[in-house]
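First comes the structure, then the notes that go with it.
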């Protein structure tokens, strides 16, 4: 047992329980920071014909300078490291599609951080 400064004793299990009870409020404060309330960022493919196994070039515009961007198809990330918007709020990227990618329109999820924003993009189908 541990003796507190006020003379009470604290059992080790009670100390663990108290510590665990405070964790959710600490974690919540870190996850739910101020989102981008005026988000205008957009990403679009500049590659004219998108085929399985091909490289697809993307351009991102209207982000906040320094804002980081991740692209995914559902839960599958498309970039190994986040893209960072330059001083003009832009970035360029190239993604190689898998050889077995099915034809069709594949919506992409865009997640930006610093500040947080998210968007769903679906413009050009895979042929």
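General observations
- Test result for residue 47, at pLDDT 70 or above, part of a loop (DSSP other than H, G, I, E, B) and not assigned by TED's automatic domain parsing to the domain that holds residue 92: no
- Residue match in the range 97-109 (condition: out of contact with any strand residue (DSSP E or B) (no Cβ under 8 Å at 6 or more places or on another chain) and part of a strand (DSSP E or B)): no
The values are calculated or read from the model by the stated rules, or taken from the named source; none is laboratory data. On a predicted model such as this, the values are computed, not experimentally measured, just so you know. Positions of Cβ are generated from backbone atoms using ideal geometry, with glycine treated the same way; all protein chains shown enter the neighbour counts.
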